[in-house]
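Encoded as structure tokens, the structure appears first; notes follow it.
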Amino acid sequence: MKPAGTASFGFRDVAEDERQGLVNQVFARSAKNYDLMNDLMSGGLHRLWKSDFLAWLSPPRAGSGRPFRLLDVAGGTGDVAMSYARMTGEDATAVICDISPEMLEVGRERVDKAGLSHRIELVQGNAEALPFGDRSFDAYTIAFGIRNVTHIDKALAEAFRVLKIGGRFMCLEFSHVDVPGLDRLYDLHSFEVIPRLGEAVAGDRESYQYLVESIRKFPDQERFAGMIRDAGFERVSYRNLTGGIAAMHSGWKV
């Protein structure tokens, strides 16, 4: 059990009010190399996972004429929001909300270059206290970001608050491997390969050591599904990806 007033930062406990600042430093250092490192760390699998994630969200397709507003929290460099924009019509818009100005800077450059700035807005904000009104969005997505939130219950409560009735919460996150043998290979890759990649490519072993440790500290699939239900969501379910290395979670505000 963690001492009172502390929170996990990887495998160590830090003062609760200091954790967010430490996480912010990680992403300030890694923003420029974030997409490259994602490709290297996952062997490109993160792109397939995000494609599956959006397919399960199933937003209105181009030509539907149905307005749809997505909030992508911790959306940083824009992968999810831009893929969503490309698969939907002009009536579908998105807001990327991220606490890191460095990640948003990279995301804004990518959105502008893709010619999608008229449909994707970027806003700095904290997942635990979103700067949006009640019932503002049709869907809320967060991909590989919720484990970096200090108070996951507060982030889930905020997701519930900003969704419209009938809105959908979806989370893509690293999870717990459920395939014998794969778990040992995954541990070897996580703790031996990824920090060394971070050091070699980004000159930053420490940030990537935190990232792999944070994955191990994150609740498993069933426990996280229970947290989503506790936030008020119904029809909660999840799907494992690549043997549970990642998992997609879904819940509805009804």
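Some points to look at:
- One residue stands out in region 91-119 among those that are part of a helix (DSSP H, G or I) and among the acidic types (Asp, Glu): the one that is farthest from the chain's Cα centre (by Cα), namely 112.
- Remark: residue 81 falls outside the filter, which requires a residue to be among the aliphatic types (A, V, I, L, M), surrounded by fewer than 22 Cβ atoms within 10 Å (Cβ to Cβ) and part of a helix (DSSP H, G or I).
- Counting only residues that are part of a strand (DSSP E or B) and buried (at least 24 other Cβ atoms within 10 Å of the Cβ), region 144-167 holds 1 of them.
- The numbered conditions (1) surrounded by 18 or more Cβ atoms within 10 Å (Cβ to Cβ); (2) out of contact with any strand residue (DSSP E or B) (no Cβ under 9 Å at 6 or more places or on another chain); (3) within 29 Å of residue 251 (Cβ to Cβ) are all true for residue 63 except (1).
- From the options 103, 87, residue that is out of contact with any strand residue (DSSP E or B) (no Cβ under 8 Å at 6 or more places or on another chain) and closer than 27 Å to residue 203 by Cβ: 103
- Residue in region 197-208 that is touching a Gly at 6+ places or on another chain (Cβ under 8 Å) and of a type in the set (S, T, N, Q) present: yes
- Counted residues, region 54-76 - those being within 20 Å of residue 111 (Cα to Cα) and in contact with a Leu (Cβ under 9 Å, 6 or more places away or on another chain): 6
- Scan of region 227-239 for residues that are more than 18 Å from the chain's Cα centre (by Cα) and not in a loop (DSSP other than H, G, I, E, B), ordered by number: 229, 230, 234, 235
- Considered as a group, the residues in region 166-221 that are free of Cβ contacts under 8 Å to residues at least 60 places away in the same chain and hydroxyl-bearing (Ser, Thr, Tyr) include one that is farthest from residue 145 (Cα to Cα), and that residue is 186.
A quick yes/no check of all residues on (1) among the aliphatic types (A, V, I, L, M); (2) in contact with a helix residue (DSSP H, G or I) (Cβ under 8 Å, 6 or more places away or on another chain):
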residue: 14; (1), (2): yes, yes
residue: 84; (1), (2): no, yes
residue: 89; (1), (2): no, no
residue: 99; (1), (2): yes, yes
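Here, each number is a calculation from the coordinates, and none is a lab measurement. Worth saying up front: this structure is predicted, and the values here are computed from it rather than measured. Cβ atoms come from the backbone with ideal geometry, glycine included; neighbour counts cover every protein chain shown.
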